[in-house]
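J.: Got a structure for you, written out below as structure tokens; questions coming shortly.
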There are 2 protein chains.
Amino acid sequence: MSTVLQPRGMPSEAGRPEVFRDALLREGVLLEGGTEGLYLRSAAFESVARGVEALMRNQMTGDGAEEMHPPPGMTTRALGRSGYMRSFPQLAGTVGCFCGDDAAHRRLVAKLDGEEDWTDQQATSEVSLIPAACYPTYAIIAARGPLPPEGHRVAIAAWCFRHEPSPDPCRMQMFRQCESVFYGSADGARAHRDLWLGRAQEMARMLDLPHAVEPANDPFFGRAGKLMARSQRELELKMELLIPVSDETRPTACASVNMHLDGMGQKWGIVASDGTVAHTACVGYGIERLSLALFRHHGAEPRDWPAAVRTALWS
Amino acid sequence: MSTVLQPRGMPSEAGRPEVFRDALLREGVLLEGGTEGLYLRSAAFESVARGVEALMRNQMTGDGAEEMHPPPGMTTRALGRSGYMRSFPQLAGTVGCFCGDDAAHRRLVAKLDGEEDWTDQQATSEVSLIPAACYPTYAIIAARGPLPPEGHRVAIAAWCFRHEPSPDPCRMQMFRQCESVFYGSADGARAHRDLWLGRAQEMARMLDLPHAVEPANDPFFGRAGKLMARSQRELELKMELLIPVSDETRPTACASVNMHLDGMGQKWGIVASDGTVAHTACVGYGIERLSLALFRHHGAEPRDWPAAVRTALWS
């Protein structure tokens, strides 16, 4: 992997991701959102993020993928069913609401007046936040009945939430993912994985970003999770596109390709054309991480980026 | 107000907003999200929504407004400070997270296995959802110190959350707003309000949508809230652009202009150039509602919409 800092790049320092974050804030690329991992985006950042998303989405719909644009939420019921709370409970977000009466509201206002914690009356609602862009699609695909013989593809762009406050600007709590999911045969799922593993690397070359591919190392929860993490690595079910962004020595996963085997098919009851449980596979691009990688390597001012990069994003 | 249904419009029925919703689902403009007020958007809907947002945003930045693009969240601390929990606690959403250990996780998994309610261990986090697009901007503007003599403008596009499940597709729980906020003198705030009250009506004409302007009727909480609602109407602090969408007899507020007087300035400590508390005013467009209004009046297929409307959205 190339670790040469291009002359026009933004500063970063090994082991200190806050150096890159502070440079982003100083240059006005991001604005403080009041807590770690929550930032407002400038016009420049947003224009890059939308360029990245359009680049990915056009490639996905070019394969005939159906577009779905979820809101940032899904049902709490579906989040429970998805398996995410088993593997990554520490990252998920449910939405709490106030359902009290006038008396409860007076208690709430008294706490606000006293600047006390006022959140004890919030009750979990039927809405939760999306942990990965593909999650709201499975129930929809399952409800349509058996898949066609060639399978089906969906392209999704969505805001995701993960509760992992960090000084690393690449580890935002709220960020966008663009995914292409395949639902169908085991062979089709593997072909989807292989196709996008190649395309992700092409994309990094097109955007002039140093990169490498490695098996993923997801933070499965607890002691049982350690076994799942090892199995994920050994079977190479999930591969990541790594780019040095906040830290040259600890590159950031900016995209991943993930074979779910028939795990999602079983959970959601998705049936292949031959009546067996469908296999699924997805590629996911981190819109914020890829945008940050571009700022890191090409500089704070997108107008000055290499012409080929600008063409890829905005032509 | 014109209530004539254009020949190419989508169906709706007085008192039955679900008729329009069902037509949107049948035509594939929206997809079921699993609970009332949560829908995935099709390629066609999203293309309209982005066209509407770009149209608004370009007008806002044409005034010299600074662009800010918040994520769907803000801090729980800032939500408490904003006053929203006093007036509309029933609509706000806080984000709950699991912060337990291995033993707590085993209890969680046992509940998932038994298909019981598993959310009792979710604890309110430092993150909440944005109730209106302008909310994350006030702390940023206050922190910059006294405003310039001419004031300042910010253009914001953001996902908002309001917990009001409804069969009316215009009352989504998660939707986007595009706002332009003015911070400065009382006269400047009033001029901003008047400017955008005119522009909102021009916009409706440009998009060939029947419309009317009326004082707002916000659902302030509880008995004390009734007084606030009356005062808001009598002072005409907030005016709404109403368009018949789901129901010809109960038109939908698709945009509003709102003078906060010095309420937000006081809450956030925003100081005008002369040292007094700043006044603020905002215009907010509901991206989803305007998009739905376009589908309602021009039909399910944007390719067939009037050329002038298509030009306004995508030229």
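J.: I'd like to know if the stretch B:156-170 contains one or more residues that are more than 11 Å from chain A (Cβ to nearest Cβ), modelled with pLDDT of 95 or more and out of contact with any Pro (no Cβ under 8 Å at 6 or more places or on another chain).
T.: Checking the stretch B:156-170: not a single residue is more than 11 Å from chain A (Cβ to nearest Cβ), modelled with pLDDT of 95 or more and out of contact with any Pro (no Cβ under 8 Å at 6 or more places or on another chain).
J.: So, one more: Filter the stretch B:26-58 for residues that are in a strand (DSSP E or B) and of a type in the set (G, A, S); which is nearest to B:C170 (Cα to Cα)?
T.: Narrowing the stretch B:26-58 to residues in a strand (DSSP E or B): B:30-35, B:38-41.
Okay, now just the ones that are also of a type in the set (G, A, S), so B:33-34.
Numbers: B:G33: 15, B:G34: 17 Å.
Among them, the one singled out is B:G33.
J.: Now, a different point. Can you name the residue in the stretch B:50-80 that is more than 8 Å from chain A (Cβ to nearest Cβ) and hydrophobic (A, V, I, L, M, F, W, C) and is also surrounded by the fewest Cβ atoms within 10 Å (Cβ to Cβ) among such residues?
T.: B:A54
J.: So which residues in the stretch B:109-125 are facing chain A (nearest Cβ under 8 Å), touching a residue at least 12 places away in the same chain (Cβ under 8 Å) and touching a Lys or Arg at 6+ places or on another chain (Cβ under 8 Å)?
T.: none
J.: Quick check, is B:S185 under 16 Å from the mean Cα position of the chain (by Cα), more than 11 Å from every other protein chain (Cβ to nearest Cβ) and modelled with pLDDT of 95 or more?
T.: Numbers: under 16 Å from the mean Cα position of the chain (by Cα): no; more than 11 Å from every other protein chain (Cβ to nearest Cβ): yes; modelled with pLDDT of 95 or more: yes.
Spelling it out, it is not the case that B:S185 is under 16 Å from the mean Cα position of the chain (by Cα), more than 11 Å from every other protein chain (Cβ to nearest Cβ) and modelled with pLDDT of 95 or more.
J.: Another question about this same structure. Can you tell me which residue in the stretch B:106-125 is nearest to the chain's Cα centre (by Cα), limited to those that are crowded, with 22+ Cβ neighbours inside 10 Å and within 24 Å of B:A78 (Cα to Cα)?
T.: So the residue we want is B:S125.
J.: Continuing with the same structure: Within the stretch B:16-28, can you find the residues that are more than 20 Å from the chain's Cα centre (by Cα) and either surrounded by 14 or more Cβ atoms within 10 Å (Cβ to Cβ) or modelled with pLDDT under 95 (or both)?
T.: Selection gives B:R16, B:E18, B:V19, B:F20, B:D22, B:A23, B:L24, B:L25, B:E27.
J.: In addition: Being within 30 Å of A:M85 (Cβ to Cβ), assigned to a loop (DSSP other than H, G, I, E, B) and among the hydroxyl-bearing types (S, T, Y) is the filter here; which residues of the stretch A:258-311 pass it?
T.: A:T276
J.: Has the stretch A:231-248 got any residue that is under 27 Å from A:E46 (Cα atoms) and touching a Leu at 6+ places or on another chain (Cβ under 7 Å)?
T.: Within the stretch A:231-248 (the criterion being under 27 Å from A:E46 (Cα atoms) and touching a Leu at 6+ places or on another chain (Cβ under 7 Å)), the answer is yes, since at least one residue qualifies.
A quick yes/no check of all residues on (1) in contact (Cβ under 8 Å) with a residue 60 or more places away in the chain; (2) aromatic (F, W, Y); (3) over 27 Å from B:D218 (Cβ atoms):
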position: B:S47; (1), (2), (3): yes, no, yes
position: B:R57; (1), (2), (3): yes, no, no
position: B:P72; (1), (2), (3): yes, no, no
position: B:T94; (1), (2), (3): no, no, no
position: B:C97; (1), (2), (3): no, no, yes
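J.: Could I ask something else about it? Counting residues that are closer than 25 Å to B:F20 by Cβ and touching a helix residue (DSSP H, G or I) at 6+ places or on another chain (Cβ under 8 Å), which strands (runs of 3 or more DSSP E) fully inside the stretch B:110-224 reach at least 3?
T.: Hits in the stretch B:110-224: B:174-184.
J.: Same structure, new question: Would you confirm whether or not the stretch B:132-152 contains a residue that is under 26 Å from A:R41 (Cβ atoms), without any contact (Cβ under 8 Å) to a residue 12 or more places away in the chain, hydrophobic (A, V, I, L, M, F, W, C) and more than 7 Å from every other protein chain (Cβ to nearest Cβ)?
T.: Among the residues of the stretch B:132-152, at least one is under 26 Å from A:R41 (Cβ atoms), without any contact (Cβ under 8 Å) to a residue 12 or more places away in the chain, hydrophobic (A, V, I, L, M, F, W, C) and more than 7 Å from every other protein chain (Cβ to nearest Cβ), which makes the answer yes.
J.: Since A:V95 meets every condition but one in (1) at the interface with chain B (Cβ under 8 Å from one of its Cβ atoms); (2) assigned to a loop (DSSP other than H, G, I, E, B); (3) surrounded by 20 or more Cβ atoms within 10 Å (Cβ to Cβ), which condition does it not meet?
T.: A:V95 satisfies every listed condition except (2).
J.: While we're here: Given the condition in contact (Cβ under 8 Å) with a residue 24 or more places away in the chain, farther than 20 Å from B:V48 by Cα and in a helix (DSSP H, G or I), answer yes or no: does some residue in the stretch B:242-253 qualify?
T.: No, every residue in the stretch B:242-253 fails to be in contact (Cβ under 8 Å) with a residue 24 or more places away in the chain, farther than 20 Å from B:V48 by Cα and in a helix (DSSP H, G or I).
J.: Given the options A:I141, A:I156, name the one that is β-branched (V, I, T) and in contact with a Phe, Trp or Tyr (Cβ under 8 Å, 6 or more places away or on another chain).
T.: On inspection, the qualifying residue turns out to be A:I141.
J.: Can you name the residue in the stretch A:81-92 that is facing chain B (nearest Cβ under 7 Å) and not in a loop (DSSP other than H, G, I, E, B) and is also farthest from B:M85 (Cα to Cα) among such residues?
T.: A:R86
The values are calculated or read from the model by the stated rules, or taken from the named source; none is laboratory data. Being a predicted model, the structure only gives us computed values, none of them experimental. All Cβ positions, even for glycine, are placed from backbone atoms using ideal geometry, and neighbour counts span all protein chains on display.
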